[in-house]
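Below: the structure, in structure tokens.
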Amino acid sequence: VVPGMSLPSDLFAQLAIRTRQPIGPDSLAVEFPAQTTVEYLGERAPDIHQYRLHFARLGENRVDVKLTNGGRHTLQFFVTEPVETVIKKRAAFIVAHQQHRRPETWYDGLFSLWDMENRVLRGPDDAGGLHPYMVGGSDDPTLCKAGFVAGKNVHFPVRAEIEAVEYYLEHFVWGGLQRTDTEEPHPYGIYGSDNWYANRTSPIGLNSGGLGQERMWRTFDYTHLILLYFAMYRIARDFPDLVRYLDKAGYLERAFGTARAFFVVPYNIKMGEAWDFRGWCDWAYKQGNFHELVIPALIEALDAEGRAGDAAWLRAEWEKKVKFFVYDHRYPFGSEMYFDTTAFESTHMIARYGLEHPLEPDENLWQDKNTGEWYSHPSVRKEDFRAFMERQIAANIAARGWLETSYFHLGSDIRQHGNSNYQLSYMTQMGGWAILDYALHYAEDAARYARLGYASYLAGWALVNSGTPESNYGFWFPGPENDGATGWAFEPGKYTTNWAGKAQGRGVWSYDGEIDSGFSGGLRTAAVVVVDDPLFGLFAYGGILEVTGHSLVLWPKDGLRQRLHLLDADPALHITLERDGFAAESAIHVQRAPFEIAFTLENRSSGAPHTATLRVGGLPGGRYEAAVGGAVQAQVEVITNARAVLPLSLGPEARYAVTVRRA
């Protein structure tokens, strides 16, 4: 099935069913016939029958394949609003309903958990039976929210949402959750759960084995804020009129200071007998931490902003980790647990980094403070990173639903309890990013991996409780008060108790927790991807495709409208807009020979004149030009398969006609 079994209402699904039994146009029984369109496409290959389905009803949609022996095979779909609508609703809901604005409390500015069942915001003074770490602001369930809101505003800036994130940083984070740059020891240190206030005011001081005031060793807390500060840097760089707390230099400094602390602070805290792990906390180097994949982009930004020394320092620490995972780590798939799907986002970026950057052999690169061992790498080869990439992508797929025909299994990460509980967690989309990225840039069989990667991207959005007035604003917990809220995960069992200790029936958790980290992974994944699939032929993930002669016509519906990957070409073409986007109501026209791409650009800077950046990778060698409104603005000479960067000068208009062609 493409593009997945979680399906936005503005896209259709295509099925290929393999059976020796005779089936045909009337063999699919749909749950809601008046709101479902079924088109039989015929027997495209021996025993393989294809169908196209479009669902108008939001929520669960059951489809049964009727067999001639009287049996049925059930397919379980979930239909969401368009992905762009879901992304925007989720960010708006967090800002409108999930931030505590209480200056009289220590947690002023905190983003906390929304309880859909009771339609109330939980927090430190009203946890609703949840564990204090879940609502205290110093662990993943709450730390992930500002990062997603900021990440969404990199692509679709909204002043009120940016203001809410800056309020959080000013009132809750700086000098509270996070030590300032002048606090010694451990500047930029981040206090862990249950909450920063209890740790800052604890009678237990430093050199306490990681207790009390020294509880700053959890590396996963740091990567949330690296992600957040880096997103705010990008917002301040591209939309400077929308920030007030810090400018782009200030946010870049915070991102670097936090990244530096990520490697320095925990590794200078020695954990004692109170913990399962004892010794110097080396997780920044030895474990996969979600969101740390932004560190290479942060290094590039430091270089671009003239901070070569800071970039070099951070690059050296990151490359210690890259080499350790490939050459020194016997089992690189652990994180906070011995096996943890959290690691797959990191392991893929580590493999990718080694393939894309020159890494030199070394002797005594660094010494392990716990074992005394020196790590040396006398031979560093690209083929080692390629082998590591294949190993980690296979492990990622092994922990992911692929064979099951239900929306809560297909593409979901699957943990130690198998497929019977806690489905669609945050690593559904984060690890799914790795699989789709592998399809885009490294796989010999791109179509095969694109199916699973894109299904993972779409799967996570099924947790969001969003809907129309006709659907009463959401499938899981209806009512306008919950329109844009979300569940933490999905429980397949009819009666169960989730690991947070709450009894519930089949469906999503009634509160959100860690899932916004997954949605940040979704922002990294969103793209229109065209593949020539051996089963389905030419197909566009995240878009509507028409083929006219040697040209493609595409309407982007991926959620962001900024990335287009044409994997049917040889070499593949990768087209990315930064800051601005492809217009929603206009098609993208791609002509193969001679090469030309034409589209309408959407100015997302509220009419402010600026320079948009268009990046094109995979072009055949030659000279190319970019025209805006018919006037040529940029020309570039391209070496075959190299990346072309084309700056486009825009004025105050909301839309511009852009054409890139061979000169």
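The values are calculated or read from the model by the stated rules, or taken from the named source; none is laboratory data. All values reported here derive from a predicted model rather than from experimental measurement. Cβ sites come from the backbone with ideal geometry, for glycine too, and all protein chains shown count toward neighbours. Only protein heavy atoms, including side chains, enter the accessible area calculation; ligands, DNA and RNA are left aside. Shrake-Rupley method; radii C 1.70, N 1.55, O 1.52, S 1.80 Å.
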| task | Measure off 7 Å from each Cα along the Cα-to-Cβ vector at Q635 and A654, then give the distance between these two points in nanometres to one decimal. | result | 3.5
| field | Estimated vicinal HN-Hα couplings, Hz - the range 411-420 in sequence order (Karplus 6.51, -1.76, 1.60; Gly, Pro = x) | value | x, 6, 6, 10, 9, 5, 8, x, 9, 9
| message | One quarter of the convex hull surface, Cα atoms only: what value does that give for the range 80-200 in nm²? | response | 8.3
| query | At a probe radius of 1.4 Å, what is the per-residue accessible area of R506, in Å² to the nearest 10? | reply | 100
| query | Between the range 335-364 and the range 39-75, what's the alpha-carbon centroid distance in Å? | reply | 41
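Could you pull out the trypsin sites (Lys or Arg not before Pro) across the range 243-331 that fall in loop regions by DSSP (anything but H, G, I, E, B) with no more than 13 other Cβ atoms inside 10 Å?
Filter output for the range 243-331: R244, R330.
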| message | Explain nothing, just the number: dipole magnitude of the chain about its Cα centre with +1 on each Lys and Arg Cβ and -1 on each Asp and Glu Cβ, in debye rounded to the nearest 20. | response | 720
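To the nearest 0.05, how large is the calculated FRET efficiency for D181 and D303 if R₀ is 25 Å and r is the Cβ-Cβ distance?
0.70
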| remark: Per the rule of 0.36 nm per residue minus the C-alpha distance, extending R62 to L538 adds in nm 168.7 nm
| note | For 215-228, 579-592, ranked highest to lowest by mean beta-carbon neighbours within 10 Å, the order is 215-228, 579-592
| Using a basic spin-label model with each label point 7 Å from the Cα along Cα→Cβ, how many nm lie between T371 and A608? | 5.0
| Calculated Rg and Dmax of the range 165-300 using C-alpha coordinates, Å | 15.1, 50
| Just how large is the dipole of the range 140-246 about the Cα centre, in debye to the nearest 20, putting +1 at every Lys and Arg Cβ and -1 at every Asp and Glu Cβ? | 180
| query | Using a 1.4 Å probe, how large is the accessible area of W280, given in Å² and rounded to the nearest 10? | reply | 70
| remark: Regression test value, accessible area per residue of the chain, probe 1.4 Å, units Å², expected 37
| remark: The whole-number value in µm²/s of the Stokes-Einstein translational diffusion coefficient for the range 1-158, with Rh from the Kirkwood sum over alpha carbon pairs at 4 °C and 1.567 mPa s, is 68
| task | Report the one residue of T371, Q635, F595 whose Cα lies farthest in the direction of the positive end of the charge dipole of the chain (charges on C-beta: Lys and Arg +1, Asp and Glu -1; origin at the Cα centre). | result | F595
| Spatial extent of the range 100-159: Rg and Dmax, with the Cα atoms as the point set, Å | 12.6, 36
| remark: Placing +1 on each Lys and Arg Cβ and -1 on each Asp and Glu Cβ in the chain, then taking the dipole about the Cα centre, the residue among G147, M232, Q76 whose Cα reaches farthest towards the positive end is Q76
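In what sequence, highest mean first, do 145-151, 83-89 appear when ranked by Cβ atoms within 10 angstrom?
Ranked by mean Cβ neighbours within 10 Å, highest first: 145-151, 83-89.
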| task | Using the Cα centre as the reference, give the magnitude of the dipole from point charges on the C-beta atoms of the range 87-188 (Lys, Arg: +1; Asp, Glu: -1; all else neutral), rounded to the nearest 20 debye. | result | 620
| request: Please state, to two decimals, what the Cα-based radius of gyration of the range 259-370 comes to when divided by 2.2 N^0.38 Å (N = residues). | output: 1.09
| said: Using just the Cα positions, wrap the chain in a convex hull and report its mean projected area in square nanometres, one decimal place. | reply: 29.8
| note | Here FRET efficiency (C-beta to C-beta, V158 to N419, R₀ 30 Å, nearest 0.05) is 0.20
| field | Antiparallel %, DSSP beta bridges [both residues in the chain], to 5 | value | 95
| note | In the neighbourhood of I544 defined by beta carbon distances under 10 Å, the net charge of the other residues (Lys, Arg +1; Asp, Glu -1) is -1
| query | Extent of the range 506-663 along each principal axis, from alpha carbon coordinates, in Å, largest to smallest? | reply | 58, 44, 27
| said: As I understand it, the dipole of the chain uses +1 on the Cβ of Lys and Arg and -1 on the Cβ of Asp and Glu, about the Cα centre. Which of S193, H100, G537 lies farthest toward its positive end? | reply: G537
| remark: Of the convex hull enclosing the alpha-carbon atoms of the range 469-530, the direction-averaged projected area in nm² is 6.2
| remark: Whole-percent carbon and sulfur contribution to the accessible surface of the range 434-541 (1.4 Å, no ligands, DNA or RNA) stands at 50
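Let's test the formula: R0 of 30 Å, r as the Cβ-Cβ distance of A500 and E578. What FRET efficiency results, to the nearest 0.05?
About 0.20, to the nearest 0.05.
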| request: Quote to one decimal, in nm, the extra length available between R643 and N69 on full extension: 0.36 nm per residue of separation minus the C-alpha distance between them. | output: 201.1 nm
